[in-house]
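Reading through the structure tokens given below for one structure.
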Amino acid sequence: MGYLSQPALKNLKKYSYKGVDESLVSHYLLTPYWNWFIKLFPLTIAPNTITLLGLCIVAFNVVTLLYYDPLYLTEKDGATGPPQWIYFTWAIGLFMYQSFDAVDGKQARRTGMAGPLGEMFDHGCDALNTTLEVVLASRALNLGRSWWTVASQIATLANFYLTTWEEYHTGVLYLGPFSGPVEGILIIVIIYVITGIFGPTFWDKKLLTFTRLDRIPQVVQHVPNIGLNESFMVFGAFALAFNIFSSYRNVIKATKSDGKSSLKPLVYLLPFVVSATLQIFWLLSPSYHDSAIIHSPLFLPFLCAWGLQFAHQVGRMILSHITRGPFPLWHSMWLWSVVGVVDAQLPFLFDTPSLIQSTPKRTAVFIYLTLAVSFITYARFCALVIRDITEFLGIACFTVRKKDGEGVWRETRDIQQDGYVKRL
């Protein structure tokens, strides 16, 4: 028996993608561009290959960050950081990722490869991209090693989790008038462009001073004069609150129409809360103001490990959605995180030195080991799921091929609707 049970595999054939996009930007500006862009791809390129290429572009952007700023420091910390032209490449890279992500579904329909595998692969790449862009955007905003970057990670992952949670309960992927995949990405692209022009220190300017609202006494009395980068984080918090309200409203409608409880779905938000809480308590060692991980080169690998665990978590949610399986409330990597948290907090809990993370070197080894284990467990999950789905449905993952009625791999264009090879 493979990773997926036979009933789960059979439910794959019942799956059909449903999506709603209410974005005016998407409808009037981006869709005409996407319809042109998709024609640049020949029908011999698989949709999942397009999706993966988009993720590789973002991964290359991260490589440039590591090349110029391997310690993930900011100008405030005395680092020179990447040259300003690099931020333009990040803007291009993210915009191209959005373009590739938008047209992979169109390519799937053009090539006859649309199905649940594409849904899994697309969402998996999106889940990985969330953390990568948090790393890049926080550097562009001159936040770097700070709790603001942690807040950005939590808010970004929470938005993605909410969208996936909503799709699980409604069966529809809702993108509202303002959504992360459309407007959110474009805002980050603009941030990269501005940083490329003025440099990361531009975002340290105070909001009221920059807008000259500090000349109005009533405004100064009631509005704190925080930095532009911190103001962006506050804006993100309001966007998250709006998305929570919108997602739950859609879930309530769906559950009521099916005669189900509208309160039970709230329980399925707990896995994200548990996961985020564990990471926060780990980062709080030895204290909020003196985090051993945040204020060290270990912050970047820690964020990447967190992102991989999150991608694994939502990947299982999407898998449950397309196979009509039970919601995954448990994640095995929590055990690893609990070990990390308890060990790091031993001095606070029992006034005892940490057993594993007792020195900076041993802490570094454990964090990088956490990154490796997170990667291996998620990679194994992806490999097993892709294998099971491709074998059961008779479709290839990265080529435009399907199995014909005789079980032989053929080019999709050579197979008739009855599953057999076209005869000349």
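The values are calculated or read from the model by the stated rules, or taken from the named source; none is laboratory data. No experiment lies behind these values; they were computed from the predicted model shown. Don't worry about glycine lacking a Cβ; one is built from the backbone with ideal geometry, like all the others, and counts go over all protein chains shown. Ligands, DNA and RNA are excluded from the accessible area calculation, which covers all protein heavy atoms including side chains. Shrake-Rupley method; radii C 1.70, N 1.55, O 1.52, S 1.80 Å.
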The chain: relative contact order in percent, alpha carbon pairs under 8 Å with at least 6 residues between: 22
List the relative contact order of the stretch 27-170 as a percent without decimals, with contacts defined as Cα pairs under 8 Å and 6+ residues apart. 32
Which one, Gly118, Ser99, Thr209, is farthest towards the positive end of the dipole of the chain when Lys and Arg carry +1 and Asp and Glu -1 on their Cβ? Gly118
Loop sites only, by DSSP: take the GluC sites (Glu not before Pro) in the chain that have at most 15 other C-beta atoms within 10 Å and name the longest stretch containing none of them. 23-405
So how tilted is helix 299-323 from the main axis of the chain? Cα-based, degrees 0 to 90, rounded to 10. 30
Taking amide H atoms as placed 1.01 Å from N in the peptide plane, list the residues 5 or more away in sequence, or in a different chain, whose amide H sits under 5 Å from that of Gly227. Leu207
Rounded to the nearest whole Å², what accessible area per residue is found for the chain with the 1.4 Å probe? 49
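Got a sec? What order do Tyr72, Tyr368 fall in by accessible area at 1.4 Å, biggest, i.e. largest, first?
Tyr368, Tyr72
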Considering only protein heavy atoms, with the full assembly of protein chains and a 1.4 angstrom probe, order Lys206, Lys402, Lys18, Lys256 by accessible area, largest first. Lys256, Lys18, Lys206, Lys402
Which ³J(HN,Hα) values in Hz, rounded to whole numbers, follow from the phi angles of the stretch 142-157 under the Karplus curve 6.51 cos²θ - 1.76 cosθ + 1.60, where θ = phi - 60° and Gly and Pro get x? 6, 8, x, 7, 7, 5, 5, 5, 4, 4, 5, 4, 5, 5, 5, 5
Given labels modelled 7 Å from the Cα in the Cβ direction, how far is it in nm from Ser5 to Ile197? 5.7
Give, rounded to the nearest 20 debye, the magnitude of the charge dipole that the chain has about its Cα centre when Lys and Arg contribute +1 at Cβ and Asp and Glu contribute -1 at Cβ. 940
Could you give each residue of the stretch 197-211 its phi-based ³J(HN,Hα) in whole Hz, using Karplus coefficients 6.51, -1.76, 1.60 with θ = phi - 60°, and x for Gly or Pro? 7, 9, x, x, 5, 4, 7, 7, 4, 6, 4, 5, 5, 5, 8
Under 5 Å between amide hydrogens, which residues at least 5 positions from Arg401 or on another chain qualify, with H placed 1.01 Å from N in the peptide plane? Ala396, Thr412
Could you pull out every residue, at least 5 positions away or on a different chain, whose amide H is within less than 5 Å of the one on Asp21? Hs are placed 1.01 Å off N in the peptide plane, and Pro or chain starts have none. Leu175
Report, in listed order, any pair from Lys106/Lys260; Lys39/Lys402; Lys256/Lys403 with a Cα-Cα distance greater than 32 Å. Lys106/Lys260; Lys256/Lys403
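Could you give the length gained by full extension between Gln218 and Ser261, i.e. 0.36 nm per residue of separation minus their alpha carbon distance, to one decimal place? Don't jump to the answer; show the numbers that get you there.
Working: separation 43, 0.36 × 43 = 15.48 nm, distance 4.67 nm.
So the chain would gain 10.8 nm between Gln218 and Ser261.
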So what's the gap between the Cα centers of the stretch 269-315 and the stretch 245-262, to the nearest angstrom? 31
What is the helix-to-structure angle for 270-283, meaning the angle in degrees between its Cα long axis and the longest Cα principal axis of the chain, kept from 0 to 90 and rounded to the nearest 10? 40
Using a cut-off of under 16 Å, list every residue of the stretch 130-156 whose amide N is near the label point 7 Å from the Cα of Gln84 along the Cα-to-beta-carbon line. 140-142
Taking the simple approach of a point 7 Å from Cα along Cα-to-Cβ for both Ile187 and His295, what is their distance in nm? 3.0
Projecting the Cα atoms of Leu269, Leu143, Leu308 onto the charge dipole of the chain, where Lys and Arg contribute +1 and Asp and Glu -1 at Cβ, the residue farthest towards the positive end is Leu269
Taking the alpha-carbon centre of each part, the distance from the stretch 144-197 to the stretch 62-85 in Å is 23
I want the antiparallel fraction of DSSP beta bridges within the chain, as a percent rounded to 5. 70
Computing the accessible area with a 1.4 Å probe over protein heavy atoms, can you report the carbon and sulfur percentage for the chain? 67
Note on the stretch 328-418: contact order normalised by length, alpha-carbon pairs under 8 Å, 6 or more apart, percent, works out to 11
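Count charges around Ala8 for me, please; just the other residues with Cβ under 13 Å from its Cβ, Lys/Arg as +1, Asp/Glu as -1.
+4
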With N residues in the stretch 261-303, what two-decimal value do you get for its Cα radius of gyration over 2.2 N^0.38 Å? 1.59
Would you list the P(r) distribution for the stretch 206-254, with all Cα-Cα distances sorted into 10 Å bins from 0 and each bin expressed as a whole %? 25, 32, 22, 16, 6
Give me the dipole magnitude in Debye, nearest 20, for the stretch 246-352 about the Cα centre, with unit charges on the beta carbon: positive for Lys and Arg, negative for Asp and Glu. 860
Find which of Leu228, Ile252, Phe242 sits farthest along the positive direction of the dipole of the stretch 226-322, computed with +1 on the beta-carbon of Lys and Arg, -1 on that of Asp and Glu, about the Cα centre. Ile252
Work out from phi, with θ = phi - 60° and the Karplus expression 6.51 cos²θ - 1.76 cosθ + 1.60, the ³J(HN,Hα) of each residue of the stretch 226-234, listed in order in whole Hz, and give x for Gly and Pro. 8, x, 4, 5, 5, 5, 5, 5, 5
